[in-house]
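Here's the structure, in structure tokens; my notes come after.
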Amino acid sequence: MKFSWLMLSGILAGLACAGLAVPAVAQDAAPSVDEIVAKTNHMAYYQGASGRARVKMTITDSQGRARSKEFTMLRKNMDDQDKTQRFYVYFHAPADERGTVFMVHKFVDKDDDRWLYMPALDVVKRIAASDERTSFVGSHFFYEDVSGRGLDEDHHELVETTDTYYVLKNTPKDPGSVEFDSYTMYIHKDTFIPVLTQYEKGGEVYRESKALAVEEIQGYKTVTRSMISDMNQGGQTTLEYTSVTYDTDLPDDLFTERRLRNAPMEHLQD
């Protein structure tokens, strides 16, 4: 499967509505690959010192059957160099998953620590590094998608520069640790938002992630709707972000193991 510019035009239309359209004129020389990668990672995961969002997840299977989940995501940067970070995800719905918590301690120089608390069993499960690319709570997103992939895990190559995009090809340094051969990112040149990411195996795209809507919130360009599709198994998962706030006051002890069973409800209500 080759990349369809018709498909990308639909994404561009959504970005134009969000105020991110750019003129089709020649651009200055591209920044270095390392600069592009760092800025893209910052835009995707590190904007503001902290952040909060209410998220509706809609999972649609290959038969078109849909089910929904709702959760609040809290995030705090532990430094100002896009290195150490904390995530806390609390599920409100469906009722049988209420109280489920996914927490991440993210690092640059070692594997992330990930926990999943399942209240129905009153069990805390550690998510091993080998499980990072498995389904996140039954969706088409992987655990790794939630908090991001380590920049040093891949070789990065700028394969094309268009009027609108930097096109990066990323190849894993340890091919045995992942299910893909490479993934290609189409990064919006003005904002460094990754608009489209396509994962390939055996020369075919089998999985792709799209940014479907972008808004400016508190001065930050923010993806407010995104989707991941599975071309092999069929189906897709869409995320819609509401009540997004940045630079909120989140205490460090919110992101500790004791808070898995004792959720900080004062930070989780709209």
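Failed condition for Met227, given (1) assigned to a strand (DSSP E or B); (2) of a type in the set (A, V, I, L, M); (3) more than 18 Å from Lys39 (Cα to Cα); (4) touching a residue at least 24 places away in the same chain (Cβ under 8 Å), with all others met?
Exception for Met227: condition (4).
Scanning for something buried (at least 19 other Cβ atoms within 10 Å of the Cβ), of a type in the set (S, T, N, Q) and closer than 23 Å to Arg114 by Cα, does region 192-210 turn up at least one residue?
Taking every residue of region 192-210 in turn, at least one turns out to be buried (at least 19 other Cβ atoms within 10 Å of the Cβ), of a type in the set (S, T, N, Q) and closer than 23 Å to Arg114 by Cα.
If I ask for residues that are closer than 18 Å to Tyr88 by Cβ and within 17 Å of the chain's Cα centre (by Cα), which ones from region 114-138 would you list?
Listed by number, the residues that qualify are Arg114, Glu132, Phe136, Val137.
Just the residues that are in contact (Cβ under 8 Å) with a residue 60 or more places away in the chain, crowded, with 18+ Cβ neighbours inside 10 Å and either hydroxyl-bearing (Ser, Thr, Tyr) or not in a strand (DSSP E or B) (or both), please, taken from region 147-187.
Ser147, Thr164, Tyr166, Thr184, Tyr186
Yes/no per residue for (1) under 21 Å from Tyr246 (Cβ atoms); (2) small (Gly, Ala, Ser); (3) buried (at least 21 other Cβ atoms within 10 Å of the Cβ); (4) touching a residue at least 60 places away in the same chain (Cβ under 8 Å):
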position	(1), (2), (3), (4)
Arg67	no, no, no, no
Glu70	yes, no, no, no
Leu74	yes, no, yes, yes
Asp80	yes, no, no, no
Tyr90	yes, no, yes, yes
Ala95	no, yes, no, no
Gly99	no, yes, no, yes
Val104	yes, no, yes, no
Phe107	no, no, no, no
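Please tell me if Leu239 is under 21 Å from the mean Cα position of the chain (by Cα), crowded, with 18+ Cβ neighbours inside 10 Å and either at pLDDT below 95 or hydrophobic (A, V, I, L, M, F, W, C) (or both).
yes
Which residues, taken from region 112-146, are hydroxyl-bearing (Ser, Thr, Tyr), in a loop (DSSP other than H, G, I, E, B) and either surrounded by fewer than 19 Cβ atoms within 10 Å (Cβ to Cβ) or without any contact (Cβ under 8 Å) to a residue 60 or more places away in the chain (or both)?
The answer is Thr134, and nothing else.
The values are calculated or read from the model by the stated rules, or taken from the named source; none is laboratory data. Everything numeric here is computed off the predicted structure, so don't read it as measured data. Heads up, the Cβs are rebuilt from the backbone with ideal geometry, glycines too, and the neighbour counts pull from every protein chain shown.
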